[in-house]
Each structure stands twice: as C-alpha cells, then as structure tokens.
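Have a look at the structure below, then the notes.
The values are calculated or read from the model by the stated rules, or taken from the named source; none is laboratory data. Here the structure is a predicted model, which means the values were calculated and not measured. Every residue, glycine as well, gets a Cβ built from its backbone with ideal geometry; the counts of neighbours run over all protein chains shown. For accessibility, only protein heavy atoms count, side chains too; no ligands or nucleic acids. Shrake-Rupley method; radii C 1.70, N 1.55, O 1.52, S 1.80 Å.
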Amino acid sequence: MGSLPRDPHCIFCKIHAGEIPSTVVNRADGLLAIEDINPRADVHLLVIPEEHIETFRDIAHLSEPEAKRMLDFVAESAKQAGLEEYRLMIFCGAGAGQTVPHLHWHILGGRFHGIPG
Ligand code: 5GP
Ligand code: ZN
C-alpha cells in the first residue's frame, strides 16, 4: 500500500507518519488501528490504510490482495480488542457524514452512544 501521494493537510496521513499522536491498538504494513479521539461506543476504533484514498468510492485503488488484507486487519483488530460482536461503519462522502476525507473503518463495540462524525 502507499502508491498514492500523501496529502500534507490530511489528519490521517499525519497520524500514519507519526506527526499527530494516537493510541495505536494494532499495526501492520500500511495499516493502523487506533482509538477514536471522540468515542461513540464503549470501544471505538478506526482502521486506516496508509494510502490516501479519499472515500470508499475509490476503493478500486487497492489491489485485490490489499483489499483482502485490509478486511482481515479489520476483523483481527476487533478480535484483538476483545470484541466478538460489533458494528462496522464507513461514511462515504461529506454528505453522508464523512468528516475526514481519508478512507477509514469505524469499529464500534459494546454500548453505542451515537453515530460517529
Ligand atoms: P468520519 O466522520 O470521517 O467517518 O470519522 C472521522 C473520525 O475521526 C471521527 O469519529 C473523529 O472522532 C475521529 N478523529 C478526528 N480527528 C482525530 C484525531 O486526531 N485522532 C483520532 N484518534 N481520531 C480522530
Ligand atoms: Zn490522508
């Protein structure tokens, strides 16, 4: 992963580069799982691929093996966080509630406090 240029103004590119601190709960080549800064559930993680893909609409930028690896990483991160049952969410585009234009999955476990964003 990482063939698209990073966006110097993007919060999640900066988190990947270590320029903004975050609580990392799982890490793999080109993939991070971090705690959401404004949790909307008892457990609220974000899975962020390193590549600056703005929305899920552009998922075709990932190769099939990369996409599969990302999905496996989402499942593995939830399991590592002790979750067996959880919600997965992606907001695709600002009109759908996406606030950070860099692809990410929300993993929400336990009691749910509201829609992220
Ligand atoms: P979106 O609405 O784009 O799907 O979700 C963006 C998420 O990123 C929100 O849940 C928000 O709380 C989280 N977030 C925004 N800035 C930061 C940050 O600097 N660090 C962390 N850990 N999470 C952030
Ligand atoms: Zn980015």
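Quick one, can you get me the convex hull of the C-alpha atoms of the chain expressed as volume per residue in Å³?
Considering the Cα atoms of the chain, their hull volume per residue is 96 Å³.
Report the net charge of residues surrounding residue 25, where surrounding means a beta-carbon distance below 13 angstrom and charges are Lys +1, Arg +1, Asp -1, Glu -1.
Net local charge, residue 25 excluded: -1.
Longest segment of the chain with no GluC sites (Glu not before Pro) in a DSSP loop having at most 10 other Cβ atoms within 10 Å?
The reported range is 20-83.
How high is the FRET efficiency from residue 63 to residue 96, r the C-beta distance, R0 25 Å, rounded to 0.05?
Calculated transfer efficiency: 0.50.
Quote the FRET efficiency, to the nearest 0.05, computed for residue 10 versus residue 111 with a Förster distance R0 of 22 Å and r equal to the Cβ-Cβ distance.
With a Förster radius of 22 Å, E is 0.10.
In whole percent, and with a 1.4 Å probe on the protein chains, what portion of the accessible area of region 1-86 is carbon and sulfur?
Solvent-exposed carbon and sulfur of region 1-86 make up 51 percent of the total.
Relative to the first principal axis of the alpha-carbon coordinates of the chain, what is the inclination of helix 64-80, with its axis defined by its Cα atoms, in degrees from 0 to 90 and to the nearest 10?
With both axes taken from Cα atoms, the answer is about 30 degrees.
With charges set only on the Cβ (+1 for Lys and Arg, -1 for Asp and Glu), what does the dipole of region 3-117 come to about its Cα centre, in debye to the nearest 20?
Dipole magnitude for region 3-117 comes out near 240 debye.
Per residue, what accessible area does the chain have, given a 1.4 Å probe and all protein chains present, in Å²?
Per-residue value: 57 Å².
Got a sec? Charge dipole of the chain, +1 on Cβ for Lys and Arg, -1 for Asp and Glu; which of 12, 90, 73 is way out at the positive end?
90
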